[in-house]
Amino acid sequence: MCKFIQTTEDLNSLCERLARHPFVTVDTEFIREKTYWPRVCLIQIASVDEACCVDPLAQGIDLTALFELMRNKDVVKVFHAARQDIEIFYHLDGCTPYPVFDTQLAAMVCGFGESVSYQNLVQKMLGIELDKSMRFTDWSRRPLTEKQIVYALADVTHLRDIYKKMRDLLTETGRTHWVDDDTAFLVNPATYENDSSAVWKRLKINSNKPVYLAMCQALAAYREDEAKRLDRPRKHIMRDEILLEIAANMPSDAEEMAKMRGLPQGFANGRMGREILKIIADVKSRDPSTYPAVPKPYELPRSARSVSKMLRLLLMIKSAECDVAEKLIASPDELDMLAGEKNPDLDVLKGWRYEVFGKDALKLKAGKIAMRYSPERHRIDLTEL
């Protein structure tokens, strides 16, 4: 019978044992279809000696010991595709786990492709085909069967072997610091702090009028705050199309709002309707100079277009040389900015990306290296000028 932790006493004992190990593997099962915040339903955790499922829904269980383990700087927490798992711990505990190792991130810098799935990584590195028959299980239902627990534990047991192989591979290739550089973003609490005033930028805006943009910003921020407060999905507070319709029409009273299509009956005269009318009035009364502007995409100067094309070719060469996905090194927008701006502040000019690509990209831009096709070798060579 697999271990299924449902009491504080058992959890405290487990975490005490796990804290003696240099690393633990961690995964979570959660649902968020009916909530704003992810509702964690199961936490899988393993050391080299044991693997357990922790039931966060068990009555009276105190997860303090688990949170302390997540913050223990002497124990590496290994995840695959860590961002959502870290977000869960940050929401529950107010802190991000540290230190962290993300096998998906490590796989990308080791040549396994972009955003490789756990299932594919297990197959490629361990030669094991995972059972994915319970991918759509409702993990909030109790009791869980032994089959479900065994299935869930596979997400952390194989991860132990992947981590050890990946760690050795990074050491052999000298790329450990590549992963460390990119992991800093994952463990930064700011990554998981959702700024309500900025969420309007995700909307499909269909006008650039400043007052319309200001309405979208204010209404989206209101919806976001309401969703957080009530712990309900944004669309359950107000659908995007309704929000945009209100922003475009800017009704001045409940009667005008009630005539709009798509609004539930009684919405205009209810609490939310009154609050939205106040928001509309507040935006209209603001100084227009405070209205937001749509961020314009970078426009590459015509004179720099040939440079951008050469940088794209150079990126293909460097990507093939180091066996790392092009997108992980530099985005198309970054290449355009690198080509068109004098001193751009870009990630591709920092850390390992600078060593792999940025250094030669600057030389190419400055006319200090040339690219020449070698018919004998069927490849493009770089030549210092």
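The values are calculated or read from the model by the stated rules, or taken from the named source; none is laboratory data. Values in this document were obtained by computation on a predicted structure and should not be read as measured data. All Cβ positions, glycine included, derive from the backbone under ideal geometry; neighbour counts span all protein chains shown.
Of the conditions (1) outside the structural domain of K278 (by TED's automatic domain parsing); (2) at pLDDT below 95, V187 fails just one. Which one is it?
Result: V187 fails condition (2) only.
Residues being within 24 Å of the chain's Cα centre (by Cα) and in a loop (DSSP other than H, G, I, E, B): count how many of those fall in region 9-39.
Number of matching residues: 7.
Being assigned by TED's automatic domain parsing to the domain that holds N188, in contact with a helix residue (DSSP H, G or I) (Cβ under 6 Å, 6 or more places away or on another chain), small (G, A, S) and buried (at least 21 other Cβ atoms within 10 Å of the Cβ), is that true of even one residue in region 61-70?
Taking every residue of region 61-70 in turn, none turns out to be assigned by TED's automatic domain parsing to the domain that holds N188, in contact with a helix residue (DSSP H, G or I) (Cβ under 6 Å, 6 or more places away or on another chain), small (G, A, S) and buried (at least 21 other Cβ atoms within 10 Å of the Cβ).
Within region 174-201, how many residues turn out to be in contact (Cβ under 8 Å) with a residue 12 or more places away in the chain and over 17 Å from Q104 (Cβ atoms)?
Number satisfying all stated conditions: 10.
In region 89-114, what count of residues is obtained for those that are more than 29 Å from A19 (Cβ to Cβ) and without any contact (Cβ under 8 Å) to a residue 24 or more places away in the chain?
So the answer is 1.
Look through E129, E114 and report the one residue that is modelled with pLDDT under 95, of a type in the set (D, E, K, R) and within 27 Å of T183 (Cβ to Cβ).
Being modelled with pLDDT under 95, of a type in the set (D, E, K, R) and within 27 Å of T183 (Cβ to Cβ) holds for just one of E129, E114, which is E114.
Given the structure, is L42 of a type in the set (A, V, I, L, M), assigned to a loop (DSSP other than H, G, I, E, B) and more than 18 Å from the chain's Cα centre (by Cα)?
No: the conditions fail for L42.
Go over the candidates I31, I43, I5, I86 one by one and state the one that is under 24 Å from T145 (Cβ atoms), crowded, with 22+ Cβ neighbours inside 10 Å and in contact (Cβ under 8 Å) with a residue 40 or more places away in the chain.
Going through I31, I43, I5, I86 in turn, the sole match is I5.
Return the only residue of T96, T103, T137 being among the polar types (S, T, N, Q), modelled with pLDDT of 95 or more and either farther than 27 Å from S319 by Cβ or loosely packed, with under 15 Cβ neighbours inside 10 Å (or both).
T96
Quick one: A339 ticks every box in (1) farther than 30 Å from K209 by Cα; (2) in the same structural domain as K209 (by TED's automatic domain parsing) bar one, so which box is it?
Looking at each condition in turn, A339 falls short on (2).
Can you pull out every residue in region 138-148 that is without any contact (Cβ under 8 Å) to a residue 24 or more places away in the chain and within 14 Å of T28 (Cα to Cα)?
Q148
Is there a residue being in contact (Cβ under 8 Å) with a residue 60 or more places away in the chain, touching a helix residue (DSSP H, G or I) at 6+ places or on another chain (Cβ under 9 Å) and hydrophobic (A, V, I, L, M, F, W, C) anywhere in region 239-256?
Checked against the condition, which is being in contact (Cβ under 8 Å) with a residue 60 or more places away in the chain, touching a helix residue (DSSP H, G or I) at 6+ places or on another chain (Cβ under 9 Å) and hydrophobic (A, V, I, L, M, F, W, C), region 239-256 yields no hits at all.
Considering only helices (runs of 4 or more DSSP H) fully contained in region 301-382, which possess at least 3 residues that are hydrophobic (A, V, I, L, M, F, W, C)?
Qualifying helices (runs of 4 or more DSSP H): 305-322, 332-340, 359-365.
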